[in-house]
Amino acid sequence: MSTIASEATGHHGTDSAHDDHHHHELGFWQKYVFSTDHKVIGVQYGVTGLAFLFFGFMLMMVMRWQLANPGAAVPVVGGALRSLFGSVVMTDAGALTANGYNVFGAMHGTIMVFFGVVPLAVAGFGNFVVPLQIGAPDMAFPKLNMCSYWCFFVSCVVMMGSFFVPGSAAKSGWTAYPPLAGIADFESGNIWLNGQTIWLLAMVFNITASLLGSINFIVTIIQLRAPGLNWMRLPFFVWAQFVTAFLLVLAFPPLEAAGFMQLTDRVFGTSFFMPTGLVVGQQIAQSWSGGGSPVLWQHLFWFLAHPEVYVLILPAIGIVAEIVANNTRKPLYGYKAMVYAVFSLGFLSFIVWAHHMYMTGMGAKVATFFQITTVMISVPSVVLLTSLLISLWGGSIRFNVPMLFATAFLPMFGIGGLTGIPLAFNAVDLYLHDTYYVIAHFHYVVAPGTIFALFAGVYFWYPKVTGRQMSEFFGKVHFWGSLIAINGLFFPMFLQGMAGVHRRWYDGGVTYEQLIAPVIHWNKFMTASAALLALFQLAFIWNFVTSMFIGKKVGRNPWEATTLDWDTPTPPPHGNFDKPIEVFRGPYEYSVPGAASDYLPQTQRS
Amino acid sequence: MSKLLPFFTDKEVPYTVAARPDTGLYSAKLGIWLFLASEVMLFGGLFSAYIFLRLGAEPGYWPTGLLNVPVGTINTAVLIGSSVTVVFAWAALKMREFLKYKLYMAITILCGLFFLCVKLTYEWPAKFEHFGVFIKQSAAHKYVEFLGDNSKGDREPRWEISGHLMHAPKDSPYRQQAEHNASKHAGHGTEHGQAAHAGDDDYVIQVDAVNAKPDAEENGKPSFWPRPISEKSAVIHKEDVESASAFLPRHSTYFATYFLITGLHGLHVLGGILVFAYLWLPFKGGALLYKSNPEHLANRVEVAGLFWHFVDLVWIFVFPIFYLL
């Protein structure tokens, strides 16, 4: 071996001889479409994610209309929806059908999680901000990064295309539970061109995109940190993205495996998830040999989907941490504790998945195990939230728009998190399972929680991306309107859920009216709140688009922040930095006693 | 627009070839290890499905001993051998011996191709030609001759009669396969009496050794050499059949997992071969890279080799769980 080593080192001089050095100006397509630059890819992911959030929200608006006014035609757009989505989804009069409700429900969940929040929170913000914050010229694998976005793009096109195949898109929920999902959507007779099969194919592309992206994040953070940027000097956002990327790398593949299995169940007639003696249409299904297990799908699905919850929330906490430190003009309270908490959270999130499955009858011992781990995971979550809360203590807080969203995140996420604790206990869950209580719980985490944090992030980094600030006025209109409307939308769900309203009733509970009479009237209130919420998003859309052209121009560091992303020209050029970067201090050195200004950038020597 | 996003000057991303001093790794090596971690989870998901389904299978519904162990052994050896040669190829590059690199890489590619050929031209087709019928438990007493005495309880019960399909009921999708087998058999000059009697509602199967002597002791344990098919035939009435299928993924959860895992593994082998071919042929990022930056090519071979070792490792799990256990 020694000869190998010496021979090899003898040739090290050739390392620097790169074969493709070209400095020519890139064309439009390479610059803005098939770009390998992390910032362009981040913007692509972010804008796609925002568009899908809006689309998923619109699907929900139609569902909410149906819940408040069962069987009534959707006002204004009913006819257009009928001609767009066809007769499976909408009646001729323009009302949502039962199948249509299932289609919209399944696609709302799928789109919001896999096509909206994750692309925006992880791929959008992560791509744009992480290399800047660690002082890197780009991601470690720029071409893979581009592949990631275009894989994702294919998955978007395929998933959207599924609305237009015979029988419309998937109807079996975003969880795609077999055996229902195994036998659904075969009415058209085509085993490939139908909603559920296309859902699976689109998910395979989506998972591939997320794998390419998350491997890239981890390698970038480990390999491309600027000199002096040791681990405990990383901004908390980078830590959050680091753990998130690990969750994606390790949790998504089992779902991919499960997706392959469900795909072969559907197209090759295997029985991975099809039990013996399955009765379909009043007779035993002969198309499957049987011997499979529907619970196996649930295990593999939730092995992904529980860590996925933390994939949704960790980047949001990261964003909030940046904004809180910046606007309280104080270091984060308990930065190290937060770093350790985010790691324990990441680890524990892999061993809590079966708390989604208490109703499967998997056994009291197994349920007890998952009940214990689920209660344990609330400890690091509380460490994170409490640290952020205490960080506010004694600060002279600047309540700009990002900070408004970030501070609202804290109690909203608190409500979402604390209402999850009863669900962790298997005895309570037996009652609350599949009610609106669950819907309210996770929507509080993800909507006024994560999505508020994402709005905060958009307002915060918008000046860095475009060189212009978003309007404070429209931002505040957007914030206060959304905060009130979103609570009007989700809070009554707790009341309905505790009264036993089931999440899958497509008529808003009219069929069971005598059972839920005291709470059914909330349907109208929630739908009105949803409409109000939609209205206030117009302020955001207007602000987002027009500020690109008329927003106030800003310099390198409009928020007077310390981290490296604010140490670049605005907007950052290809390669990001206009000076060699060396880091001399921690990420949040605000209001250091004796310092000339109230913030010390990480690159400042003394 | 270009004013809006003026993201372009040019700057190199570091550590594509040389290692970062404090981590000791060039980026691609870290990347491939992370990718392999995700692959472990992918195959882990599939293997846990195997365990879950096998443990959950009713007695007698998880077949064993259907695969050809000697052929599998040869394939295992070939794949392990190719993992050795790919290391030689990498070492040759490190020593800047280009011709040796070309030679060892060629051997690696050929080994991979051999493995795939055996899989696709022999092992899988041999399964497709085989046929199995699961007898309803309530009708098993009519087929004691082939299933043996399940009531004694000294072994796993047998519910399946397998072999070559000679005749299939009128509405069966396997009618063509049966006719094909019957005519081939007729060509051998042996008389197949029972197929002639069989009605439109019957399956006729020239049964495997295990069904010919179901209670014989040697059939109760695994054997290295495949047992030749018997000359005995079974006539099975359609009404007694729970499920009937060629040895396809739909046959049982056993074959479903077998084909899915070996299929996905085969795709990985194919992917590895394509990457190796790219590194072997005179592409700009392949063998031509030797002239400009041999260390970069060596790194690429190392990374592809790590992937190849993983593919090999997966097979080392696949082989025992499907062929031996």
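The values are calculated or read from the model by the stated rules, or taken from the named source; none is laboratory data. Bear in mind the structure is a predicted one, so any value in this text is a computation, not a measurement. Every residue, glycine among them, receives a Cβ derived from its backbone with ideal geometry; neighbour counts consider all protein chains shown.
Pick from B:Thr121, B:Thr108: which is in a helix (DSSP H, G or I), exposed (fewer than 15 other Cβ atoms within 10 Å of the Cβ) and among the polar types (S, T, N, Q)? Spell out how you get there, then give the answer.
Values: B:Thr108 fails: exposed (fewer than 15 other Cβ atoms within 10 Å of the Cβ).
Selected residue: B:Thr121, the only one of B:Thr121, B:Thr108 that is in a helix (DSSP H, G or I), exposed (fewer than 15 other Cβ atoms within 10 Å of the Cβ) and among the polar types (S, T, N, Q).
Please verify whether region A:534-557 includes one or more residues that are under 26 Å from A:Trp231 (Cα atoms), in contact with a Pro (Cβ under 9 Å, 6 or more places away or on another chain) and surrounded by fewer than 18 Cβ atoms within 10 Å (Cβ to Cβ). Quick ask: steps written out before the conclusion?
Keep residues of region A:534-557 that are under 26 Å from A:Trp231 (Cα atoms), which gives A:556-557.
Those still in the list that are in contact with a Pro (Cβ under 9 Å, 6 or more places away or on another chain) too: A:556-557.
Checking the rest, the ones that are also surrounded by fewer than 18 Cβ atoms within 10 Å (Cβ to Cβ) come to A:556.
Yes, that holds for at least one residue.
Checking A:Val545 against (1) touching a residue at least 40 places away in the same chain (Cβ under 8 Å); (2) within 14 Å of chain B (Cβ to nearest Cβ); (3) not in a loop (DSSP other than H, G, I, E, B): exactly one of these is not met. Which one?
With respect to (1) touching a residue at least 40 places away in the same chain (Cβ under 8 Å); (2) within 14 Å of chain B (Cβ to nearest Cβ); (3) not in a loop (DSSP other than H, G, I, E, B), A:Val545 is out only on (1).
Please give the number of the condition A:Ile284 fails out of (1) within 14 Å of chain B (Cβ to nearest Cβ); (2) at pLDDT 95 or above.
(2)
Can you confirm whether A:Asn216 is closer than 21 Å to B:Pro14 by Cα, within 11 Å of chain B (Cβ to nearest Cβ) and surrounded by 24 or more Cβ atoms within 10 Å (Cβ to Cβ)? Give the derivation first.
Working: closer than 21 Å to B:Pro14 by Cα: yes; within 11 Å of chain B (Cβ to nearest Cβ): yes; surrounded by 24 or more Cβ atoms within 10 Å (Cβ to Cβ): yes.
Against the criterion (closer than 21 Å to B:Pro14 by Cα, within 11 Å of chain B (Cβ to nearest Cβ) and surrounded by 24 or more Cβ atoms within 10 Å (Cβ to Cβ)), A:Asn216 qualifies.
One residue is enough: does region A:588-606 have a residue meeting the conditions within 20 Å of A:Pro142 (Cβ to Cβ), part of a loop (DSSP other than H, G, I, E, B) and out of contact with any His (no Cβ under 9 Å at 6 or more places or on another chain)? Before the answer, list the steps.
Here is the first cut: in region A:588-606, the residues within 20 Å of A:Pro142 (Cβ to Cβ) are none.
So far as region A:588-606 goes, no, none of its residues is within 20 Å of A:Pro142 (Cβ to Cβ), part of a loop (DSSP other than H, G, I, E, B) and out of contact with any His (no Cβ under 9 Å at 6 or more places or on another chain).
Identify the residue in region B:49-63 that is facing chain A (nearest Cβ under 9 Å) and assigned to a loop (DSSP other than H, G, I, E, B) and, among all such residues, is farthest from the chain's Cα centre (by Cα). It would help to see each step written out before you state the result.
Step one: list which residues in region B:49-63 are facing chain A (nearest Cβ under 9 Å), which gives B:49, B:52-53, B:56-58, B:61-62.
Right, trim to assigned to a loop (DSSP other than H, G, I, E, B) and you get B:57-58, B:61-62.
Values: B:Ala57: 21, B:Glu58: 24, B:Tyr61: 20, B:Trp62: 17 Å.
Among residues in region B:49-63 that are facing chain A (nearest Cβ under 9 Å) and assigned to a loop (DSSP other than H, G, I, E, B), the one farthest from the chain's Cα centre (by Cα) is B:Glu58.
Could you tell me which numbered condition A:Thr244 fails, if it satisfies all but one of (1) among the polar types (S, T, N, Q); (2) buried (at least 24 other Cβ atoms within 10 Å of the Cβ); (3) within 11 Å of chain B (Cβ to nearest Cβ)?
Only one criterion in (1) among the polar types (S, T, N, Q); (2) buried (at least 24 other Cβ atoms within 10 Å of the Cβ); (3) within 11 Å of chain B (Cβ to nearest Cβ) is unmet by A:Thr244, namely (3).
From the list A:Gly135, A:Gly124, A:Gly109, which residue is in contact (Cβ under 8 Å) with a residue 60 or more places away in the chain and under 18 Å from A:Arg503 (Cβ atoms)? I'd like the intermediate steps shown before the answer.
Details: A:Gly135 fails: under 18 Å from A:Arg503 (Cβ atoms); A:Gly124 fails: under 18 Å from A:Arg503 (Cβ atoms).
That would be A:Gly109, the only listed residue that is in contact (Cβ under 8 Å) with a residue 60 or more places away in the chain and under 18 Å from A:Arg503 (Cβ atoms).
A quick yes/no check of all residues on (1) under 21 Å from A:Val320 (Cα atoms); (2) not hydroxyl-bearing (Ser, Thr, Tyr); (3) not in a loop (DSSP other than H, G, I, E, B):
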residue	(1), (2), (3)
A:Leu388	yes, yes, yes
A:Trp393	yes, yes, no
A:Met403	yes, yes, yes
A:Ala408	yes, yes, yes
A:Gly417	yes, yes, yes
A:Ala427	no, yes, yes
A:Leu430	no, yes, yes
A:Tyr437	no, no, yes
A:Tyr444	yes, no, yes
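Looking at region B:151-181 only, could you name the residues that are closer than 16 Å to B:Phe128 by Cα and part of a helix (DSSP H, G or I)?
B:Arg175, B:Gln176, B:Gln177, B:Ala178, B:Glu179, B:His180, B:Asn181
When you go through B:Ala28, B:Ala91 one by one, which is the residue that is over 30 Å from A:Ser35 (Cα atoms) and of a type in the set (Gly, Ala, Ser)?
On the way: B:Ala28 fails: over 30 Å from A:Ser35 (Cα atoms).
None of the others qualify; the one that does is B:Ala91.
Any chance region B:252-263 includes a residue that's surrounded by 20 or more Cβ atoms within 10 Å (Cβ to Cβ) and touching a strand residue (DSSP E or B) at 6+ places or on another chain (Cβ under 9 Å)?
Yes, that holds for at least one residue.
Which of the residues that make up region B:127-145 are within 16 Å of B:Lys238 (Cα to Cα) and over 25 Å from the mean Cα position of the chain (by Cα)? Outline the logic, then answer.
Pass one, region B:127-145, residues within 16 Å of B:Lys238 (Cα to Cα): B:131-143.
Within region B:127-145, B:Ile135, B:Lys136, B:Gln137, B:Ser138, B:Ala139, B:Ala140, B:His141, B:Lys142, B:Tyr143 qualify.
Being within 12 Å of chain A (Cβ to nearest Cβ), within 27 Å of the chain's Cα centre (by Cα) and more than 19 Å from B:Tyr290 (Cα to Cα) narrows it down to one of B:Leu46, B:Leu66, B:Leu30, so name that one. Even if it seems obvious, please write down each step before you answer.
Details: B:Leu66 fails: within 12 Å of chain A (Cβ to nearest Cβ); B:Leu30 fails: within 27 Å of the chain's Cα centre (by Cα).
Only one candidate qualifies: B:Leu46.
Among strands (runs of 3 or more DSSP E) lying entirely in region B:195-306, which contain 2 or more residues that are more than 14 Å from chain A (Cβ to nearest Cβ)? Steps first, answer last, please.
Numbers: elements: B:202-207, B:233-237, B:241-246.
Ranges flagged: B:202-207, B:233-237.
Out of region A:33-76, which residues are surrounded by fewer than 19 Cβ atoms within 10 Å (Cβ to Cβ) and among the aromatic types (Phe, Trp, Tyr)?
The answer is A:Phe34, A:Phe54, A:Phe55.
Scan (1) part of a helix (DSSP H, G or I); (2) at pLDDT below 95; (3) surrounded by fewer than 21 Cβ atoms within 10 Å (Cβ to Cβ) for the single condition A:Met160 breaks and write down its number.
(2)
Which of the residues belonging to region A:126-150 are more than 10 Å from chain B (Cβ to nearest Cβ) and surrounded by fewer than 21 Cβ atoms within 10 Å (Cβ to Cβ)? Give the steps one after another, and end with the answer.
Taking region A:126-150 and keeping what is more than 10 Å from chain B (Cβ to nearest Cβ), we get A:126-130, A:132-135, A:143, A:145-150.
Once the filter is applied, which keeps residues that are more than 10 Å from chain B (Cβ to nearest Cβ) and surrounded by fewer than 21 Cβ atoms within 10 Å (Cβ to Cβ), region A:126-150 yields A:Lys143, A:Cys147, A:Trp150.
Just for helices (runs of 4 or more DSSP H) wholly inside region A:56-144: which have at least 1 residues that are under 27 Å from A:Ala181 (Cβ atoms)? Lay out the reasoning, then the answer.
Working: elements: A:78-85, A:98-110, A:126-133.
Where helices (runs of 4 or more DSSP H) fall fully within region A:56-144 and carry at least 1 residues being under 27 Å from A:Ala181 (Cβ atoms), they are A:78-85, A:98-110.
Every residue, every condition in (1) within 18 Å of the chain's Cα centre (by Cα); (2) surrounded by fewer than 24 Cβ atoms within 10 Å (Cβ to Cβ); (3) closer than 19 Å to A:Leu564 by Cα; (4) of a type in the set (Asp, Glu), yes or no:
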residue: A:Gly182; (1), (2), (3), (4): no, no, no, no
residue: A:Trp192; (1), (2), (3), (4): no, yes, no, no
residue: A:Ile198; (1), (2), (3), (4): no, yes, no, no
residue: A:Ala202; (1), (2), (3), (4): yes, no, no, no
residue: A:Gly228; (1), (2), (3), (4): no, yes, yes, no
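Select from region A:495-517 the residues that are of a type in the set (Val, Ile, Thr) and farther than 23 Å from A:His108 by Cα and write down the one among them that is surrounded by the most Cβ atoms within 10 Å (Cβ to Cβ). Before you say what the answer is, go through the steps one by one.
Applying the first criterion (of a type in the set (Val, Ile, Thr)) to region A:495-517 yields A:501, A:510-511, A:516.
Filter once more, keeping what is farther than 23 Å from A:His108 by Cα: A:511, A:516.
Details: A:Thr511: 12, A:Ile516: 22.
So the residue we want is A:Ile516.
Take region A:258-272 and flag every residue that is surrounded by fewer than 24 Cβ atoms within 10 Å (Cβ to Cβ) and either within 7 Å of chain B (Cβ to nearest Cβ) or in a loop (DSSP other than H, G, I, E, B) (or both).
Once the filter is applied, which keeps residues that are surrounded by fewer than 24 Cβ atoms within 10 Å (Cβ to Cβ) and either within 7 Å of chain B (Cβ to nearest Cβ) or in a loop (DSSP other than H, G, I, E, B) (or both), region A:258-272 yields A:Phe260, A:Thr264, A:Phe268, A:Gly269.
Hey, among A:Pro422, A:Pro411, which residue is without any contact (Cβ under 8 Å) to a residue 24 or more places away in the chain and under 22 Å from the mean Cα position of the chain (by Cα)?
Working: A:Pro422 fails: under 22 Å from the mean Cα position of the chain (by Cα).
Criteria check complete, one pass: A:Pro411.
Return yes when A:His355 is within 21 Å of the chain's Cα centre (by Cα), closer than 17 Å to A:Ala305 by Cα and in contact (Cβ under 8 Å) with a residue 60 or more places away in the chain and no when it is not. Quick ask: steps written out before the conclusion?
Details: within 21 Å of the chain's Cα centre (by Cα): yes; closer than 17 Å to A:Ala305 by Cα: yes; in contact (Cβ under 8 Å) with a residue 60 or more places away in the chain: yes.
Here the answer is yes, as A:His355 does meet what is asked.
Quick one: count up the residues across region A:133-171 that are farther than 20 Å from A:Phe55 by Cβ and small (Gly, Ala, Ser).
Residues meeting the conditions: 5.
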